[in-house]
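The values are calculated or read from the model by the stated rules, or taken from the named source; none is laboratory data. Keep in mind that what you see is a predicted model, and the values were worked out from it rather than measured. Neighbour counts are summed over all protein chains in view; Cβ atoms, including those assigned to glycine, are modelled from backbone coordinates with ideal geometry.
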Amino acid sequence: MFTQILDPTGNLFVTWVVALIPLLLLLFLLAVLRLSAWLSTLIGSIVTVILGLWVWKMPLDDGLRAYLYGSATGVWNVDWITFWGVMLFNTLVTSGVFENLRRWLVQQGTRDVRTQTILFAWAFGALLEGLVGFGYPWAFVAPILITLGIPDLDAIRVAAIANNAPVSYGALGAPIIALATVTAGTLGMSFTELLPIYSASVGKVVAILALLPPWILLYLVSGSKGMWSAWPLAVVGSFGYIAGQLPTAVYLGPYLPDVIGAIVCFVALLLFLKIWRPAEVMAYGGQPAAGETHAVAHGLTSGEVAWAWLPIAVLVVVVVAWTGPWSNLPSIRLLHLDVAASSSITPGAKITAAFNWTPFVGGTAILASWIITAILLRVSLKQVGEIFAKTWSQMWGACLVGVFIFGLAYVFNYSGMAGSLASAFSKIGPAFIIVAPILGFIGVALSGSNTSTNAMFGTFQALVGKMLGFPLLLLPTLNSVGAEVGKPIAPQTASVGVSTSRFVRNEGEVIRHNFGWCIVLLIYLVLIGVACYLFFPGIAVLTKG
């Protein structure tokens, strides 16, 4: 068995610098050269394999097996779920039910910009993030906000800031799946065991984070006076989302916290608006709304409204029944391949790079949901072909990223590079609790993907936590939530988010406009992380069952 080398250069600082090369190279290719994500991760993975063979003396055959197992895991655990999630969303758009859902939601409440912001930017944005992610919430929500009189640059910022909290569970849980995938071998648990534990850990931190953004949103659209005169909207909006998100994350896993959180938030807000509304109907900037204060009628029958919500109901029922703790489907394993190395961090422990083919994973549940939805909506074979072609056009690059980034991450961990890097960073001591979310913030700001950031830094964060005696899931959890906070300044996310605005190919202006509030949320997250470490360490304790 291959034994990892902790300090292959004989100088820990030099080893640390060399171990950073794959990560720095990847971020340089993405953020400076602005290469496409799939090409950047391909180049980065090639360099990682070369360094593993040359510096860390990783055996060629074992290293290539680790890369292949990682790539296969990326395809099956992540690409499989994100592809069918986008297929489902595109089917809703093609069939017209998504437009009916949007029209119905626009009609709820008054023309008050604060009410519409919480309904659309916060609740509807969380639903879109849960279904597809990848910047689509910005692209769909910002035009709606612009029709309410919000200037386009400010509308994009509102959509982006609202998109913070849901990101870790975006695209039906892809970032959490990535985190469990790359750290399972390091933490000595199977992916199936680790996934619900990560979901619960991240869910608790996200619930605390979600308390702040609705207040920021009200301030951004109406100033301090408008915020304080409509503060119940912020309270109901945040607690409504948390009431759906947190129990789902803790008890049902990572697939539906955003979707169910958004639905519960909608219900809570719509019921609340029947008994309370702001005394004054405000337009953008805190000015009194001029003209008609009631929203335009949606013109839909009750049957059309029910039909618009039906696909979401199908998704929730199928995924909950399929992946809940009562179901054995996700744990059915038909193929297991692995290669192990002796850990350089923990004597006697093994670092395993494994691929498990479990045919009934969450992605297959999404496929089943899509099939049922396509039948119910009577989608024709011609439309299915068009939807597939559109989805493939949108997703082929992201699918290749799944292949290359997980191959890179598996080799980075298996070769011993992650252990060497963790050994160096552990010299920071307990103060690393402040660094952990900042690394996630920087990673997503440059890579554009929470999923990729978790794949790049997840194992490293877990190893640092192990060496410093932190609760073992705390640092990876903060990495994922830190990546949430950095999303509004991620160039790749912004490029999709501005696709329906005049800021196409001018993402820099949008990123600068978003930056200040991202720093506010990052500081808030750092405080949450420190509080968890000092006062609530059980929030991220690693336990089976």
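Selection of the stretch 430-461 for residues being among the small types (Gly, Ala, Ser) and touching a Leu at 6+ places or on another chain (Cβ under 6 Å) yields 436, 447, 458.
Against the list (1) closer than 30 Å to residue 289 by Cα; (2) modelled with pLDDT under 95, the condition residue 251 fails is (1).
For the stretch 162-202, residues that are over 9 Å from the mean Cα position of the chain (by Cα) and either farther than 21 Å from residue 518 by Cβ or at pLDDT 90 or above (or both) total 27.
Scan 402, 397 and give me the residue that is in a helix (DSSP H, G or I), farther than 22 Å from residue 97 by Cα and touching an Asp or Glu at 6+ places or on another chain (Cβ under 8 Å).
Criteria check complete, one pass: 402.
Of 114, 157, 65, which residue is among the basic types (Lys, Arg), buried (at least 24 other Cβ atoms within 10 Å of the Cβ) and touching a strand residue (DSSP E or B) at 6+ places or on another chain (Cβ under 9 Å)?
Answer to the selection: 114.
Residues that are closer than 24 Å to residue 168 by Cα, without any contact (Cβ under 8 Å) to a residue 24 or more places away in the chain and aromatic (Phe, Trp, Tyr) do not occur anywhere in the stretch 259-278.
In the stretch 327-337 there is no residue matching the filter, namely being within 19 Å of residue 207 (Cβ to Cβ), outside any helix (DSSP H, G or I) and not small (Gly, Ala, Ser). In the stretch 66-136, counting only helices (runs of 4 or more DSSP H) that sit wholly within it, the ones holding 3 or more residues that are under 22 Å from residue 449 (Cβ atoms) and out of contact with any His (no Cβ under 9 Å at 6 or more places or on another chain) span 80-95, 125-131. The criterion of being surrounded by fewer than 24 Cβ atoms within 10 Å (Cβ to Cβ) and over 24 Å from residue 83 (Cα atoms) does not hold for residue 217.
If you go through the stretch 7-46 and pick out every residue that is of a type in the set (A, V, I, L, M) and either outside any helix (DSSP H, G or I) or more than 14 Å from residue 411 (Cα to Cα) (or both), you end up with 16.
In the stretch 344-357, how many residues are modelled with pLDDT under 90 and surrounded by 21 or more Cβ atoms within 10 Å (Cβ to Cβ)?
So the first thing to find is which residues in the stretch 344-357 are modelled with pLDDT under 90, and the list is 344-354, 356.
In the following step, the residues that additionally are surrounded by 21 or more Cβ atoms within 10 Å (Cβ to Cβ) were identified as 344, 351, 353, 356.
The number of residues fulfilling the criteria is 4.
Figure legend. Inter-residue proximity from the stretch 197-214: first residues within 10 Å of residue 250 (Cβ to Cβ), second residues of a type outside the set (Val, Ile, Thr) and outside any helix (DSSP H, G or I), beta-carbon distance below 6 Å, spacing 6+ or different chains. Indicated pairs: 199/253; 199/254; 201/473. At least 1 residues being within 21 Å of the chain's Cα centre (by Cα) and under 17 Å from residue 179 (Cβ atoms) is the threshold, and among the helices (runs of 4 or more DSSP H) wholly inside the stretch 411-486 those reaching it are 432-447, 450-468, 474-486.
In the set 44, 70, 52, 74, only one residue is at pLDDT below 90, among the small types (Gly, Ala, Ser) and closer than 25 Å to residue 356 by Cα; that residue is 74. For the criterion of being of a type in the set (Gly, Ala, Ser), buried (at least 24 other Cβ atoms within 10 Å of the Cβ) and within 20 Å of the chain's Cα centre (by Cα), residue 123 passes.
Of all the criteria given as (1) buried (at least 18 other Cβ atoms within 10 Å of the Cβ); (2) more than 29 Å from residue 11 (Cβ to Cβ), the one not satisfied by residue 55 is (2).
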